[in-house]
1. Determine which member of the set V518, V537 is among the aliphatic types (A, V, I, L, M), in a helix (DSSP H, G or I) and open to solvent by 10 Å² or more (accessible area, probe 1.4 Å).
2. Are any of the residues in the range 754-772 of a type outside the set (D, E, K, R) and closer than 20 Å to I653 by Cβ?
3. Out of the residues in the range 468-499 that are open to solvent by 20 Å² or more (accessible area, probe 1.4 Å) and of a type in the set (S, T, N, Q), which is modelled with the highest pLDDT?
4. Condition first: in a loop (DSSP other than H, G, I, E, B) and either in contact with a Cys (Cβ under 8 Å, 6 or more places away or on another chain) or not acidic (D, E) (or both). Now tell me which residues in the range 430-484 satisfy that.
5. Any residue at all in the range 336-348 that is hydroxyl-bearing (S, T, Y) and in contact with an Asp or Glu (Cβ under 7 Å, 6 or more places away or on another chain)?
6. Name the single residue that is modelled with the highest pLDDT among those in the range 626-646 being open to solvent by less than 20 Å² (accessible area, probe 1.4 Å), more than 10 Å from L717 (Cβ to Cβ) and touching a Gly at 6+ places or on another chain (Cβ under 8 Å).
7. Which one is farthest from E176 (Cα to Cα) among residues in the range 130-156 that are part of a strand (DSSP E or B) and charged (D, E, K, R)?
8. When the range 754-772 is examined, which residues are found to be open to solvent by 70 Å² or more (accessible area, probe 1.4 Å), in contact with a helix residue (DSSP H, G or I) (Cβ under 7 Å, 6 or more places away or on another chain) and part of a helix (DSSP H, G or I)?
Amino acid sequence: MKNEKLPSLDDVIRELGVDVSKGLSDEEVRERARKYGYNEVEEKKESSIKRLLKKFTGLTSYMLEVTMALTLVMKNFLDFYVVTALLLLNVVLGYAQEERANRALEALKQKLHVNARALRGGSWKVIPARELVPGDIVRVRAGDFVPADIRILEGDLDVDQSALTGESLPVSRKREDLVYSGSIVRRGEATGIVVGTGSRTYFGRTTELVNVARPKLHMEEVISQVVRWLLVMVVVLLVAGATISVLNGVGIIQVVPLALVLLVSAIPVALPAMFTITMAIGSLELAKKGVLVTRLSASEDAASMDTLCADKTGTITENRLAVVEVVGLNGHSEDEVLAYGALASEEANQDPIDIAFIRSARERGVDLSKYKVKQFIPFDPSTKRTEAVIALDGKEVKVVKGAVNVIMQLCKLDEDTKKKVENAISEMAEKGYRSLAVGIIDDSRAELIGMVGLYDRPRSDSKQLIEELKALGVSVKMLTGDARPIAAQMGRLVGIGDNIASFSELRKIKDEEKVAEVAEQASGFAEIYPEDKYTIVKALQSKGHVVGMTGDGVNDAPALKQAEVGIAVSTATDVAKAAASVVLTREGLINIVDLVKTGRMIYQRIVTWIFNKVVKTFQIVVFVVAALFLWHVFVVNAFDVLLLLFLIDFVTISISTDNVRYSRKPDRWDINWLVKVSMLIGIASVVESLFMMYIGVRYFGLLGNISALNTYGFDILMFAGMLTILVVRERGPFWASAPSRTLAVSIVADIALATLISWHGIPGLHPIPIIEVLVLLGLAVLFNLIINDFIKRAILSRYGTA
């Protein structure tokens, strides 16, 4: 990337008002820090109070708040207190878990601390890079992360801008040149003056794209669809119940409290908390495996992810060049070509091409000790080659390596050799290799001795990762700024495929639908820029795909933020990690498979919760309305239903810890299927509940004591609610897998508590004989664990499983 036309260095120094021999004083630093702020890209943050208050908004919270107001107006204070407690518990649980995630993200940022060497008050100091200000004099050297945008005062550098441009090869920078923040110094040392910090750096401007990239959360869609189904069902039944009451001479005002509470029962009050807690627990499991989830919804979205966009450089590949092909010419062996190429290299400079030659020579066991390098001339852009004068058997010769056309011009080639060279270049180009030539100059006679193909090789785990993801139903697409031949060869090598589209051609297509079709069919894209990656993710999402994106550089940040599952690898830049929803803290990409599997386990836990919720809501409302029709009384009152919400809804949050199995294909929310199957099981539950109520009326004479009847009705719904969890948590027989200890203890404790309070009574709940409670418990076990479990398996065998 070429520097834009810049003001002269003298003008910059004068404008910033700094003595380059002493640096800034402490007072000047404090003044500029107040003016420019910290050297960091600030993220938009809401205050804790605002985040907490937002939890009181949304459909669930609004309906609870309306219910609170109505119960207060009607002076049903006990109901008012219970609904208020439900609302507060929902708010506190959701807020606490989100804050937990925020703390995890902040902890990550603390680990990404970068230091800088700055000249302050005449002495060099090591300070946090975030404390740099414009005008600071800094020193960078090989291996350093450039901490801010700087203009070079003295020295020469080769800098790796792959985090910015996606290219593997470094660029040269000299006096007066601008070096971008986030670049990595590969060779040389230099002193520079800071000219841009924070959002005023090139990186800061790039990350502005991140602020507008917000993925559509599937969790929000799920909650809305569940609420819509339940509300429609409940409203229809309540209208029927109200009609029956009026026809039986019951005043409508007497029906309102229970109708309102039944309406509240249809709201999945604990569902947001269930989502949050389930994903938080999953996040802790992933953290132990080296995967840090910084946005809780990412692990749930990972269950639905069917496409992974993987950035080639540094993600699929090692981001280091390697010699992968050697061609000897004019009778010279491959080892000779490597030997002379390695001699024309300098390891101390950490040049990627030099390192590739030296490493390859060592791996092949080429003996370089018999040669003595007397002079080395590093790469010069004007000559496009490196040179070295070596001593061999008491004789000095010059070896050169560089661009093929440059070395060919030095040598006088016969037609046969020219043809061999052209064929080698063509073959390497087809494979995606970058070709270089090696020559030797002896007594002013230059001879071409061979060629090499350079390649940025894939990581050792890339192919395994891709194979496992494919087995899990996830399509992997490679994104790179490299040319199409290199991308196609890499695609074949790692198992992605070679159907690589060139984005330089795709940019000419104005039809967004056509772009989306190409994105969906291609196995990867070449010649792309940061904005293109963002476009590809958006295009795939427009075709209904749930997209994951892996990357390590700032050029990946917009796409990382837009993707439902943005995954920053362990070597990612600060901005990439901040943009991602998942950060790998250990090397290797195999942990993405763990993310997918854990995400699908989370999905199964949430499906179990919704499954249970729909069955119970259907059972409660239909049972109450049907009993009203049969016996002309309400078998439960408003307090009973609210108590059920406490004892069932929030205890079933322990489903978030349940032992479940992940699916072998991406999970997609099908609420229509879920509600249909749940209602079929719910019909069986209603019939059984009416049978148990008939026993209470016929043999226990409960119609004469409405308070006892309400407690009896409460127990019917309570015991069935607990045991239904055991039925719906397993897609096969309920005994096929054991629930987690937490879930099992919660169910037993809930049943024990319900038995105790029904027997002894509490304010609002009349006591009934223990024999009646135990009869109901026995029937509930029979109906749910035997009959309903059989019905469930029959229904799932017909309609399929989630």
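1. Details: V537 fails: open to solvent by 10 Å² or more (accessible area, probe 1.4 Å).
Just one listed residue meets the conditions, V518.
2. First, the residues of the range 754-772 that are of a type outside the set (D, E, K, R): 754-771.
After this cut, where a residue has to be closer than 20 Å to I653 by Cβ as well, the list is 754.
Yes, the conditions are met somewhere in the range 754-772.
3. Ranking the candidates gives S475 first.
4. Filtering the range 430-484 down to residues in a loop (DSSP other than H, G, I, E, B) leaves 432-433, 443-444, 459-461, 472-474, 480-483.
The answer is G432, Y433, S444, R459, S460, L472, G473, V474, T480, G481, A483.
5. Applying the first criterion (hydroxyl-bearing (S, T, Y)) to the range 336-348 yields 340, 345.
Now narrow it down to the ones that are in contact with an Asp or Glu (Cβ under 7 Å, 6 or more places away or on another chain): 345.
Among the residues of the range 336-348, at least one is hydroxyl-bearing (S, T, Y) and in contact with an Asp or Glu (Cβ under 7 Å, 6 or more places away or on another chain), which makes the answer yes.
6. Filtering the range 626-646 down to residues open to solvent by less than 20 Å² (accessible area, probe 1.4 Å) leaves 627-628, 635-636, 638, 640-642, 644-645.
Going one step further and asking which of them are more than 10 Å from L717 (Cβ to Cβ), we end up with 627-628, 638, 642, 645.
Right, trim to touching a Gly at 6+ places or on another chain (Cβ under 8 Å) and you get 627-628.
Numbers: A627: 88, L628: 83.
Here the residue is A627.
7. Of the residues in the range 130-156, the ones part of a strand (DSSP E or B) are 137-141, 145, 149-156.
Subsequent filtering for residues that are charged (D, E, K, R) retains 139, 141, 149, 151, 154, 156.
Working: R139: 15, R141: 17, D149: 12, R151: 6, E154: 8, D156: 10 Å.
Top of the filtered list is R141.
8. The one that is open to solvent by 70 Å² or more (accessible area, probe 1.4 Å), in contact with a helix residue (DSSP H, G or I) (Cβ under 7 Å, 6 or more places away or on another chain) and part of a helix (DSSP H, G or I): W759.
The values are calculated or read from the model by the stated rules, or taken from the named source; none is laboratory data. Note that this is a predicted model, so its numbers are computed, not measured. Heads up, the Cβs are rebuilt from the backbone with ideal geometry, glycines too, and the neighbour counts pull from every protein chain shown. To get the accessible areas, we keep the full protein, side chains included, count just its heavy atoms, and leave off ligands, DNA and RNA. Shrake-Rupley method; radii C 1.70, N 1.55, O 1.52, S 1.80 Å.
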